[in-house]
Amino acid sequence: MLNFKRIVFFVSGCFLIFGLTECNHPNKSDNQTIKEDVSIDTLPTLIKYESSIFPIPSPWQVVGLVKNLSIPYNENLLNRYDRYQKYGKSFKQALNLGIYGADISYLCIYDRTQEAIKYLDAIRKLCDQLGLEQIFDQNFFDAVEQNINNKDSLARIITKAYSSSDLYLKTNERSDIGALIVAGSWIESMYFLTQIALGNSNRDIINRFGEQKHPLDNLIELLTPYYYKSSDFSELIDELINVAYEYDGIIYSYNYKEPIIDAANRQITINSTTQVVVSEYHIRIISSKIESIRNKLVE
Amino acid sequence: MAKKILIPFILIGLFSVKATAQVENLRNTCALNFPPEYVSDGQEYFASLKPDQVIEFRTTFFGENTYRITTCTSVKKGQVVLTVYDTDKNLLFSNRDYDYSPYWNFRFTSTVICIIQVDVVSQQFTPGYVMLLIGFKQ
């Protein structure tokens, strides 16, 4: 009898804990509730993130540069929106969620709104599979629809949703999925950049190509904690390290100049300069390696 | 006996809910200083703080771009110190000299890799979180 009481007491306590956790997210589906059980361990995730902040540039920046240089739209650069059905594992689903995020930034910047809607549908399906439907929810899609012709607003809405999913994943012990989304986004924007750099001698494109060395290092650092999680992770990281070796051959020089601080407008102008020297060999070899990684991910 | 088993579970559960709520609140506070013309890089950077701890990371800022860096903390009466160096450790900026203002715009004429340090000063240490948002101007 005493044991029975203990069991009832224990189970009730567990329900109390889960119930409190659930109160924080009132719109969750049953599927997410199951995942939420893991959030009891939220705090260690937060601690793990200390001193491990690895920023990766937004794909909107890469695509914005391409558009500003009047480089024509090329639909062959994009992953096909209907491929999402092929991605059965969360590893590929997360990577391709990032890839589609970069694709949609490309489409929006080139005012291809009809195509962008198809990609949003693919994003919705991947989010459902990854348990992120509360981030990319109906409100998100309504906001996108209302701003479909305003690319500045779209950029804000879409990147905010990606930021929210990043925060959600980090606080729910799913940082590996968050890291893969970021990786997919960077790899796809690098794919755009490298494919464009191959047929273009524009200095800005070549510089931006060369300047990806440090973001790549950050991406490798971001993924490295999951190296032994699966062979998928270790293969991807090894391939990225292989690209990083090639980046070691690119020459950088940096000159410090004193910044100008406009305290009244809270603006700091950084006048220091960096020069990048990229050889044709490095453009060719890095582009080829990025293409190989990216094509494997979208298959 | 049952109480002994339950208490740690309840405490852990409550603590994790509180931690998540703190991060969510922080994000909302930080977002107030992140106007619509700035596009986030798609990541949310937060960390818990211990006494005398400084968070440091490197990031690339691309030339001909303006970035906003916004910081905030859940530490009571705490002020976030934002310091930016280049990779040669030349000091580019610290908000310590500007009343710890929580947000600043950085215009880069050329691409520069920066070291960003974040610290919290408070009269008495209380545990909490610090958050950073980085975005570029459209």
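The values are calculated or read from the model by the stated rules, or taken from the named source; none is laboratory data. Predicted model only: the values in this text are computed from it and were never measured. Heads up, the Cβs are rebuilt from the backbone with ideal geometry, glycines too, and the neighbour counts pull from every protein chain shown.
Quick notes on this one:
- Verdict on A:G88 being of a type outside the set (D, E, K, R), surrounded by fewer than 16 Cβ atoms within 10 Å (Cβ to Cβ) and modelled with pLDDT of 90 or more: yes
A quick yes/no check of all residues on (1) charged (D, E, K, R); (2) part of a helix (DSSP H, G or I); (3) touching a helix residue (DSSP H, G or I) at 6+ places or on another chain (Cβ under 6 Å):
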{"residue": "A:I123", "(1), (2), (3)": "no, yes, yes"}
{"residue": "A:D128", "(1), (2), (3)": "yes, yes, no"}
{"residue": "A:D142", "(1), (2), (3)": "yes, yes, no"}
{"residue": "A:D152", "(1), (2), (3)": "yes, yes, no"}
{"residue": "A:I177", "(1), (2), (3)": "no, yes, yes"}
{"residue": "A:L180", "(1), (2), (3)": "no, yes, yes"}
{"residue": "A:S185", "(1), (2), (3)": "no, yes, yes"}
{"residue": "A:E188", "(1), (2), (3)": "yes, yes, yes"}
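- Selection within region A:264-288 - more than 9 Å from chain B (Cβ to nearest Cβ) and in a loop (DSSP other than H, G, I, E, B): A:V278, A:S279
- Matching residues, region B:71-85, being under 14 Å from B:Y98 (Cα atoms) and either among the hydrophobic types (A, V, I, L, M, F, W, C) or touching a Gly at 6+ places or on another chain (Cβ under 8 Å) (or both): B:V80, B:V81, B:L82, B:V84
- Residue in region B:39-60 that is surrounded by 15 or more Cβ atoms within 10 Å (Cβ to Cβ) and either closer than 22 Å to A:A263 by Cβ or modelled with pLDDT of 95 or more (or both) present: no
- When region B:32-64 is filtered for residues that are at the interface with another protein chain (Cβ under 7 Å from one of its Cβ atoms) and either closer than 19 Å to A:L65 by Cβ or among the β-branched types (V, I, T) (or both), the ones remaining, listed by number, are B:V39, B:S40, B:D41, B:G42, B:I55, B:T59, B:T60, B:F62.
- Residues (surrounded by fewer than 20 Cβ atoms within 10 Å (Cβ to Cβ) and either modelled with pLDDT under 85 or polar (S, T, N, Q) (or both)) located in region A:174-186: A:S175
- Residue check, B:Y129 in contact with a Phe, Trp or Tyr (Cβ under 6 Å, 6 or more places away or on another chain), hydroxyl-bearing (S, T, Y) and modelled with pLDDT under 95: yes
- Filter pass, B:D97 being more than 8 Å from chain A (Cβ to nearest Cβ) and of a type outside the set (S, T, Y): yes
- B:D119 being acidic (D, E) and in a strand (DSSP E or B): yes
- Selection status of A:A161, at the interface with another protein chain (Cβ under 10 Å from one of its Cβ atoms), modelled with pLDDT of 90 or more, in a helix (DSSP H, G or I) and in contact with a helix residue (DSSP H, G or I) (Cβ under 8 Å, 6 or more places away or on another chain): no
- Set side by side, the residues A:Y106, A:Y81, A:Y110, A:Y73 differ, and just one is buried (at least 17 other Cβ atoms within 10 Å of the Cβ), farther than 18 Å from A:I157 by Cβ and among the hydroxyl-bearing types (S, T, Y), which is A:Y81.
- Taking the numbered list (1) more than 25 Å from A:H214 (Cα to Cα); (2) within 7 Å of chain A (Cβ to nearest Cβ) in turn, B:V120 passes all entries but (2).
- In this structure, A:I148 does not qualify as in a helix (DSSP H, G or I), more than 14 Å from chain B (Cβ to nearest Cβ) and at pLDDT below 90.
- Yes/no for B:G63 being outside any strand (DSSP E or B), in contact with a Ser or Thr (Cβ under 9 Å, 6 or more places away or on another chain), more than 17 Å from B:M131 (Cα to Cα) and modelled with pLDDT of 90 or more: yes
- Among the candidates A:I261, A:I250, A:I205, A:I196, the residue that is closer than 19 Å to A:Q61 by Cβ, within 14 Å of chain B (Cβ to nearest Cβ) and over 19 Å from the mean Cα position of the chain (by Cα) is uniquely A:I205.
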